[in-house]
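This report concerns only the one structure given below.
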Amino acid sequence: MANPKVLAEGKPGSKHLLLGNEAIARGIIEGGVSVATTYPGTPASEILDSLAAIAEEVGIYVEYSTNEKVALEVAAGASISGLRSSTSMKMVGLNVAADALMTLGYLGIRGGMLIITADDPNCYSSQNEQDNRYYALMANIPCLEPSDPQEAKDMVLDAYWVSEELELPILYRSVTRLSHSRRPVVLGEVGRPRKAEFERDYGRFVMVPSNARVRHAALLERMEAAKRISDASPYNRRLGDGELGVITSGNAFNYVMDAIEAIGANASVLKIGMIHPLPEGKVLKFLADHDTVLVIEELEPLLEMGIRALANKHSIGTKILGKEELRLPRHGELSIKQVALAISGALGKDPGIRFENPEASRIPLEIPARPPVLCPGCPHRASFYAIKASGIGDAIFITDIGCYALGSLPPLSVGDVLLCMGASAGISAGVSKATGKPVVGIVGDSTFFHASIPALINAVYNRHRFVYVVLDNMTTAMTNFQPHPGSGLDSLGRPSKRILIEEVAKGCGVEFVRVIDPFDLKSTIGAMREAMAFEGPSVVILRRECAILEARRAEGARSPYIIDEAKCTRCLLCLNRFGCPAITLEGGKPSIDPSLCNGCGFCAKICPQGAIRASGDEN
């Protein structure tokens with residue numbers, strides 16, 4: 001990431017190379033925001049990470065909330081009280097927050113509020129490709145979508161103006177390609193936070209049915225006003241004056257402009273930045289000016305459906321070509337090639353460029369696959385090994401979202417079902433009830449606090465029988481080591497009340513609770529066997545600090561381990577069953593790479609020949 005000082009102290013008019021997420025964070029600072037919340041999730045994590053590093057300096061309260069619903073509610077509470085707020089999350093996080101989101105538009109806000117959703121076309125770090133623009137339609141709130149980091153920063157400021165003009169939260173959509181791309185960004189003036197003042201208004205803020213009916217009608221009126229704002233928005237603008245019309249938005253706009261330049265197309269473009277509500281006047285005029293209009297967008301045909309409906313309503317005969325006609329997919333990211341072929345096909349011409357280099361195709365390339373793996377020394381690998389070694393390898397394993405989901409890959413192969421955050425407990429209960437077979441649920445510490453607790457209570461109440469293993473590495477490791485309620489640190493890294501998972505489990509009514517260091521192989525195996533024999537839900541907490549955090553804290557590096565060739569029988573258990581990435585096979589012999597080994601020593605504990613030892617240990 002960029003130096004956080006740039007975001008805090010960068011002078012107005014100065015230019016800096018920023019990630020899209022950093023640009024959004026700077027926009028939040030320039031917007032005079034007082035409260036920023038999140039539950040960390042890629043590709044949104046860097047927004048609050050950037051703010052947390054300078055929160056005290058810029059006077060913003062930042063919070064890594066327990067989950068996205070809580071994050072949205074905290075931000076909403078601040079905005080209802082007159083402060084500007086933001087909450088950021090990855091797209092599936094908005095599913096968690098959806099209950100609050102669907103009614104928040106009825107209440108409205110007093111200080112501007114952005115709900116930043118970072119979508120993930122192509123599933124770079126997610127379990128699905130959902131298109132969160134639909135949430136704006138369902139919740140009846142405006143949606144804005146930037147196309148590059150500069151626009152991302154600038155649009156934040158306009159989004160707060162729209163939010164306060166309509167007294168509605170704004171859905172602000174980014175995607176991975178924007179969040180994680182860089183470009184020079186010109187900074188603006190830093191905004192001034194406001195003073196909070198809560199004013200009671202029973203009819204507006206208390207959503208009993210009699211009030212909700214009135215507020216729903218008021219929301220629809222505000223969205224009519226939003227249409228006028230959308231039509232006047234500078235982010236909904238026309239570029240060029242060609243014979244072919246193209247309507248696009250967000251990241252797809254970049255592909256469209258590059259493709260038009262590459263093939264020399266004579267086209268004009270209507271770029272839509274405020275995508276809900278549609279700028280009806282601008283769209284209708286653009287349609288009237290062209291015989292054929294292409295609608296090019298990533299993922300779902302949301303713009304296309306709205307534009308077709310608008311053309312039909314006003315009896316406009318313009319030929320509209322969308323996903324089906326242009327053969328553009330509803331999955332994955334677009335590419336310049338796809339868009340160039342779509343535009344040239346609509347024009348009935350050859351694109352005039354070659355997208356493949358025949359010379360390059362003749363060059364033999366053997367690029368080894370590099371699947372993601374657990375880090376050397378990761379306590380999760382030891383946990384999975386011990387789980388399998390306990391003799392319950394025939395159990396059904398229900399895993400969850402986090403680093404430990406990688407345990408589903410060979411050679412550990414602990415993970416038969418993975419749905420969404422916190423689902424491991426509920427699915428474990430259902431599979432156990434349905435099959436009567438041994439079931440082991442796997443969840444991480446941050447995910448446990450995020451969404452597992454209600455399902456664990458349900459398991460106790462309904463007497464479900466399964467073992468729930470909580471892999472506690474004392475941080476939110478997958479998204480850059482953010483704190484959580486069990487880490488003992490607050491959002492700024494200061495000591496705070498530590499919520500112990502074992503106490504929560506006992507408070508939920510679980511009678512069998514054990515806390516073990518997974519590097520204690522014998523005790524872990526024993527605890528797993530006891531838990532499997534228990535009649536009812538049982539919880540085994542395998543607690544050991546994340547290897548990366550441990551290495552950062554260590555004053556001196558531990559000695560890497562080596563394999564004694566004289567003792568090694570080449571049984572390859574260290575590779576075929578444990579699979580630490582520091583152990584490789586060279587000439588049929590296992591070897592430990594000292595540059596990767598962090599000296600955890602777990603491999604030495606499982607070697608049946610005692611052939612693995614610390615490099616400094618000659619005995």
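We did not get these values from a lab; they are worked out from the coordinates using the rules stated. Just so it is clear, the structure is predicted and the values come from calculations on it, not from any experiment. Please note: Cβ atoms are built from the backbone with ideal geometry, for glycine as well, and neighbour counts cover all protein chains shown.
Based on other C-beta atoms within 10 Å, arrange LYS282, LYS153, LYS506 from fewest to most.
Ordered by Cβ neighbours within 10 Å, fewest first: LYS506, LYS282, LYS153.
For semi-axes √(5λ) of the Cα gyration tensor in Å, the listed values are (1) 47, 31, 24; (2) 58, 27, 24; (3) 44, 35, 20; which was obtained by calculation from the structure presented?
Here the calculated entry is (1).
What is the order of ARG570, ARG173, fewest Cβ neighbours within 10 Å to most?
Ascending Cβ contact count within 10 Å gives the list ARG570, ARG173.
Restricting to DSSP loop positions (anything but H, G, I, E, B) with no more than 15 other Cβ atoms inside 10 Å of their own Cβ, which GluC sites (Glu not before Pro) remain in the range 504-544?
Details: sites: GLU511, GLU530, GLU535; in loops: GLU511, GLU535.
Hits after loop and neighbour filter: GLU511, GLU535.
Mind computing the radius of gyration and Dmax over the alpha-carbon atoms of the range 4-232? Å is fine for both.
16.5, 52
In deg cm²/dmol and to the nearest 500, what is the mean residue ellipticity at 222 nm of the chain if only DSSP H runs of at least 4 residues count, each as -39500 (n - 2.57), divided by the residue total?
-11000 deg cm²/dmol
Measure up LYS282/LYS323; LYS437/LYS567; LYS69/LYS153 against 29 Å on the Cα-Cα distance and list the ones that go over.
Long pairs (Cα-Cα over 29 Å): LYS437/LYS567.
Please pull out the direction-averaged projected area of the range 476-619, using the convex hull of its alpha-carbon atoms, in nm² to one decimal place.
The orientation-averaged projected area of the Cα hull of the range 476-619 comes to 11.5 nm².
Take the alpha carbon atoms of the range 198-237, find their center, do the same for the range 466-534, and report the distance between the two centers in whole angstrom.
The two parts, judged by their Cα centres, are 44 Å apart.
Once you have a ≥ b ≥ c as the square roots of the Cα gyration tensor eigenvalues for the range 466-555, tell me rounded if a/c is under 1.5, and otherwise prolate or oblate according to whether a/b is larger than b/c.
oblate
If the reach is capped at under 18 angstrom between alpha carbons, list the aspartates and glutamates near LYS506, excluding any in the same chain fewer than eight residues apart.
Candidates past the 8-residue exclusion: ASP445, ASP472, GLU530, GLU535.
Taking other Cβ within 10 Å of each residue's Cβ, how do PHE397, PHE198 sort, fewest first?
Working: PHE397 27, PHE198 11.
With the fewest neighbours first, PHE397, PHE198 line up as PHE198, PHE397.
Could you order the peptides 448-456, 264-272, 179-187 from most to least packed, using the average number of other C-beta atoms within 10 Å per residue?
Final packing ranking: 448-456, 264-272, 179-187.
Mind listing which GluC sites (Glu not before Pro) in the range 171-239 are in a DSSP loop and have 13 or fewer other Cβ atoms within 10 Å?
Numbers: sites: GLU189, GLU197, GLU199, GLU221, GLU224; in loops: GLU189, GLU197, GLU199.
Filter output for the range 171-239: GLU189, GLU197, GLU199.
Counting pairs of Cα atoms in the range 561-614, how many percent are more than 13 Å apart? Working shown, then result.
Values: 725 of 1431 pairs.
Summing the P(r) of the range 561-614 above 13 Å gives 51 percent of all pairs.
Taking every pair of alpha-carbon atoms in the range 523-570, what share in percent sits in each 10 Å bin, from 0 to the bin with the longest distance?
18, 23, 26, 26, 6
Under unit Cβ charges (Lys, Arg +1; Asp, Glu -1), what dipole magnitude, rounded to 20 debye, does the range 236-347 have relative to its Cα centre?
With Lys and Arg at +1 and Asp and Glu at -1, about 220 debye.
Share of antiparallel DSSP beta bridges in the chain, in percent to the nearest 5?
Working: 20 of 75 bridges.
Just about 25 percent of them are antiparallel.
Calculate log10 I(q)/I(0) of the range 379-553 for q = 0.10, 0.11 Å⁻¹, where I(q) comes from the Debye formula with a single equal point scatterer on each Cα and nothing for solvent.
Computed log10 I(q)/I(0) values: -0.33, -0.40.
Given the pairs LYS15/LYS271; LYS388/LYS497; LYS195/LYS271; LYS90/LYS349; LYS285/LYS349, which span a C-alpha to C-alpha distance of over 30 angstrom in this model? Could you put the intermediate results ahead of the total?
Numbers: LYS15/LYS271 25 Å; LYS388/LYS497 34 Å; LYS195/LYS271 37 Å; LYS90/LYS349 40 Å; LYS285/LYS349 26 Å.
Result: LYS388/LYS497; LYS195/LYS271; LYS90/LYS349 exceed 30 Å.
Tabulate in residue order the Karplus-calculated ³J(HN,Hα) for the range 396-413, using 6.51 cos²θ - 1.76 cosθ + 1.60 with θ = phi - 60°, rounded to whole Hz; enter x for Gly and Pro.
8, 9, 10, 9, 9, 8, x, 3, 5, 4, 5, x, 6, 7, x, x, 6, 6
Quick one: compute the contact order of the chain, relative version, from alpha carbon pairs under 8 angstrom and 6+ residues apart, as a percent.
Answer for the chain is 11 percent.
If one computes the Cα centroid of the range 239-293 and of the range 549-607, what distance in Å separates the two points?
Measuring centre to centre over Cα atoms gives 57 Å.
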